[in-house]
1. Can you tell me which residue is farthest from Val110 (Cα to Cα) among those in the range 29-64 that are touching a residue at least 40 places away in the same chain (Cβ under 8 Å), of a type in the set (A, V, I, L, M, F, W, C) and in a helix (DSSP H, G or I)?
2. Out of Arg108, Arg89, report the one residue that is exposed (fewer than 15 other Cβ atoms within 10 Å of the Cβ), in contact (Cβ under 8 Å) with a residue 40 or more places away in the chain and not aliphatic (A, V, I, L, M).
3. Suppose we keep only residues that are among the hydroxyl-bearing types (Ser, Thr, Tyr) and closer than 22 Å to Ala58 by Cα within the range 73-111. Which one would you say is modelled with the lowest pLDDT?
4. Any idea how many residues of the range 85-115 are in a strand (DSSP E or B) and within 16 Å of Ser23 (Cα to Cα)?
5. If Val83 passes every condition in (1) surrounded by 12 or more Cβ atoms within 10 Å (Cβ to Cβ); (2) without any contact (Cβ under 8 Å) to a residue 40 or more places away in the chain; (3) closer than 15 Å to Val110 by Cβ; (4) out of contact with any helix residue (DSSP H, G or I) (no Cβ under 6 Å at 6 or more places or on another chain) but one, which one does it miss?
6. Out of everything in the range 63-76 that is touching a strand residue (DSSP E or B) at 6+ places or on another chain (Cβ under 9 Å) and surrounded by fewer than 17 Cβ atoms within 10 Å (Cβ to Cβ), what residue ends up being farthest from Leu96 (Cα to Cα)?
7. If Asn25 satisfies every condition in (1) surrounded by 13 or more Cβ atoms within 10 Å (Cβ to Cβ); (2) touching a strand residue (DSSP E or B) at 6+ places or on another chain (Cβ under 8 Å); (3) among the polar types (S, T, N, Q) but one, which is the exception?
8. I'm checking my understanding of the structure. Among residues of the range 46-59 that are surrounded by fewer than 15 Cβ atoms within 10 Å (Cβ to Cβ) and not charged (D, E, K, R), which one is modelled with the lowest pLDDT?
Amino acid sequence: MMDFAIIYNQQLDMSFVPVGDISNNITLSLAIIKGTWWFNPDFGMRDTRRLKNTEQNARLVKRWAEEALKWILDSGAARAIEVYVEHDRLQDPTRLKLLVEATQADGRTVTYETFKEVV
């Protein structure tokens, strides 16, 4: 686990505020586009920027986020991870909102919220 905070706001910013949870793992798993990290091309989430903002693609993005976070479950760092996607074409036509609720191995709950760009 990293011991400093990573904040994702369309760019990766770091602060040296100590953290003791899996929020950095979630952040990086969803922020890095799959295939772009030289160390492990399978790490990260598939690129959503060319997807249309439809209900079907919202379900697809949910599945992709679950795939990107699966390694956290496999490593034993989390007991459970739930991903929710909010889809509102009228209010926010170019983004899907992702909410992640993870139960860490120690029983603590971590929540994470981000947006994925769509067209």
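1. Per the criteria, the residue is Val61.
2. Going through Arg108, Arg89 in turn, the sole match is Arg108.
3. From the range 73-111, those among the hydroxyl-bearing types (Ser, Thr, Tyr) are 75, 84, 94, 103, 109, 111; that's our starting set.
If we keep only those that are closer than 22 Å to Ala58 by Cα as well, we get 84, 94, 111.
Numbers: Tyr84: 97, Thr94: 88, Thr111: 94.
Once the filter is applied, the top-ranked residue is Thr94.
4. Applying the first criterion (in a strand (DSSP E or B)) to the range 85-115 yields 85-86, 95-104, 109-115.
Of the ones still in play, those that are also within 16 Å of Ser23 (Cα to Cα) are 98-104, 109-115.
The number of residues fulfilling the criteria is 14.
5. (4)
6. Of the residues in the range 63-76, the ones touching a strand residue (DSSP E or B) at 6+ places or on another chain (Cβ under 9 Å) are 63-70, 72-73.
With surrounded by fewer than 17 Cβ atoms within 10 Å (Cβ to Cβ) added as a condition, the list becomes 63, 66-67, 70, 73.
On the way: Arg63: 13, Glu66: 15, Glu67: 17, Lys70: 20, Leu73: 24 Å.
Across the range 63-76, the extreme among qualifying residues is Leu73.
7. All conditions are met except number (2).
8. Our first condition is that a residue be surrounded by fewer than 15 Cβ atoms within 10 Å (Cβ to Cβ); within the range 46-59, this holds for 47, 49-50, 52, 54-56, 59.
If we keep only those that are not charged (D, E, K, R) too, we end up with 54, 56.
Numbers: Thr54: 89, Gln56: 94.
Here the residue is Thr54.
The values are calculated or read from the model by the stated rules, or taken from the named source; none is laboratory data. Being a predicted model, the structure only gives us computed values, none of them experimental. Here the Cβ is made from the backbone with ideal geometry for all residues, glycine too, and neighbour counts use every protein chain on show.
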